[in-house]
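Contents: one structure, followed by commentary.
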Amino acid sequence: MTELSNMSLTQMDQASLFHPVTSIHDIEVNGPQIYTSAQGVEVTRDTGQTLLDMGAGLWCVNVGYGRPELVQAGAEAMQKLSFQHFFGGASAEPTIRLADRLLGLFRDTVPGSDMARVFFGNSGSDANDTAMKLVIYYNNLRGKPAKKKIIARQGAYHGLTLASGSLTGIEGYHTAFDLPIKGVLHTSCPHHFAFAQPGESEAAFTDRLIVELEEMIAREGADTIAAFIAEPVMGTGGVLLPPEGYFARVQQVLDRHDILLIADEVITGFGRTGQWFGCGTYGLRPDIVSLAKGLTSAYFPMSASIISNRMWEVFAGASEERGAIMHGFTYSGHPVGAAVALANLDVIEREGMVENAARLAPVLLESLREATQGNPHVGDVRGVGLMAGVEFAGFRAGGTPHKIVAKHAMQHGVLTRGLPYRPVTSFSPPLCVTEAEIVEAGKRYARALAAAMPELD
Ligand code: PLP
């Protein structure tokens, strides 16, 4: 028994827990929000309040909460083979089947893709660290030791480890951590609504971004740039959809300069955009795909990196001479995670959740437009599949209307997130959400917005 045990849970949290991405001051003043259970799209707090989770956790609980199929698959796998590492050629059935299934899914749903192998990790951040390391390794094997820099984008979110946090292009995550590390560049954010010049069309905006990218490559020297990393839709940045023609043009530039493309599908993978992968939605032909979140619907921490044939051929070609690729983690390929992922994919397929995301996309947009219609502080409502954002505009400098509204939304029974880059509240419900739940969430959001108005003016 520690002396903490007589405290309330709130006090114990305040006295012992170091929360990620949380203001210490805020926890000291307001305490934590403690959740006790969840089912489908609804989460319950220790206060008894139930809320519609229009964020699916952190864009991750794709099949919704409390699915018995995933629970059972995890329990059975844990009983049968609680752990197996994959170092030195060790292997296990669920992970073999998952790698095969991911390759098949990607091949079948992303035209023109040419992927060879799947590497497993534990989180989106480590998947992007893996991508960065493999890109370096690839160019060392090819005898191009100077070709190592990675271009990311302002407003990008790729994780928070030293490497992935450097790829992230949001200043708040760099300040006082001495990030980014060397070798990471950030090109302009492709967000037309906020960064286009007056009267600039989407196509003209894309032209300008491509010129900037070309100039950056010329300035640094193409022989120093190894890869370009992009989320097909920028999530944490503010649900930023690529402007017209953007990825096709970027791809041409990369091809011309022998630069690899890393697609960060940590959010967009597994149905979020209304297709299985954002690469399919927007025509990307990546060399590495980072996956996490929806891979297991967050029931188990697991990531996957799908590697292209052109990279694999270089790795395999050098293998006899080089020996083992000295990269991997204790939990790489965890058989329990793989079993949960397989059950998760079964549920997504059997219940047509990717199709559900595509079908309900207009309903989500319409209900947000209705909720925000005529509001003088709302500048844009946008989205694709079941990811959408409401961007605020025309508020006083230094204001945080999106955070104020998100707080009110919580009080009104709907979870949305106030994002850190653009003043946006985001919506990314579980893919099992129903039309009625979306409409109800829209009504609650409208009431929250009305309640927040005195603080926004
Ligand atoms: N990449 C993207 C696009 C993400 O949205 C996130 C997390 O939100 C990450 C990477 C990092 O994933 P994790 O938090 O699992 O490390």
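Quick notes on this one:
- Counting only protein heavy atoms and a 1.4 Å probe, region 308-364 has 48 square angstrom of accessible area per residue.
- Residues whose placed amide H lies under 5 Å from that of SER303, excluding near-sequence neighbours: GLY121, ASN122, SER123
- Couplings 3J(HN,Hα) for region 445-455, derived from phi with the Karplus relation 6.51 cos²θ - 1.76 cosθ + 1.60 (θ = phi - 60°), are 5, 4, 5, 5, 4, 4, 5, 7, 3, x, 7 Hz, where x marks Gly and Pro.
- Evaluating 6.51 cos²θ - 1.76 cosθ + 1.60 at θ = phi - 60° for every residue in region 200-211, the Karplus couplings come out as 6, 6, 4, 5, 5, 4, 4, 3, 5, 5, 5, 4 Hz, glycine and proline recorded as x.
- Taking other residues whose beta carbon is less than 10 angstrom from the beta carbon of ARG285, and scoring Lys, Arg as +1 and Asp, Glu as -1, yields -3.
- Relative packing of 317-328, 341-352, which averages over residues the other C-beta atoms within 10 Å, highest first: 341-352, 317-328
- Links that overshoot a 24 Å alpha carbon limit, given the list LYS403/LYS443; LYS149/LYS293; LYS147/LYS293; LYS149/LYS403: LYS149/LYS293; LYS147/LYS293; LYS149/LYS403
- Ordering of 278-289, 87-98, 25-36, 258-269 by packing is 258-269, 278-289, 87-98, 25-36, highest average first (other Cβ atoms within 10 Å, averaged per residue).
- Whether the chain is rounded, prolate or oblate, judged on the alpha carbon gyration tensor where a/c under 1.5 counts as rounded: oblate
- On the chain, 54 percent of the accessible area sits on carbon and sulfur atoms, based on a 1.4 Å probe.
- Excluding ligands, DNA and RNA, the accessible surface per residue across region 1-157 is 54 Å² with a 1.4 Å probe.
- In terms of packing, defined here as the mean over residues of other Cβ atoms within 10 angstrom, the peptides 144-157, 236-249, 371-384 line up highest first as 236-249, 144-157, 371-384.
- Mean projected area of the convex hull spanned by the Cα atoms of region 12-68, taken over all viewing directions: 4.8 nm².
- The largest accessible area among TRP59, TRP276 belongs to the first residue in TRP276, TRP59, and the rest follow in falling order (1.4 Å probe, all chains).
- The Stokes-Einstein estimate for region 363-433, based on a Kirkwood radius over Cα pairs and taken at 10 °C with 1.306 mPa s viscosity, is a diffusion coefficient of 128 µm²/s.
- Listed by chain and number, the lysines whose alpha-carbon sits under 23 Å from that of LYS148, ignoring those within fewer than 8 places in the same chain, are LYS133, LYS182.
- For region 274-338: rounded, prolate or oblate by the Cα gyration tensor [a/c cutoff 1.5]: oblate
- Measuring with a 1.4 angstrom probe and ignoring ligands and nucleic acids, ARG310 comes out at about 100 Å² accessible.
- Separation of region 168-199 from region 295-339 is 29 Å, based on Cα centroids.
- Shape call, region 141-205: gyration tensor on alpha carbons, a/c limit 1.5: oblate
The values are calculated or read from the model by the stated rules, or taken from the named source; none is laboratory data. Nothing here was measured: the structure is a model prediction, and the numbers come from that model. Note that we place each Cβ from the backbone using ideal geometry, even for glycine, and neighbour counts take in every protein chain shown. Just so you know, the surface numbers come from the protein's heavy atoms only, side chains and all, with ligands and any DNA or RNA stripped out. Shrake-Rupley method; radii C 1.70, N 1.55, O 1.52, S 1.80 Å.
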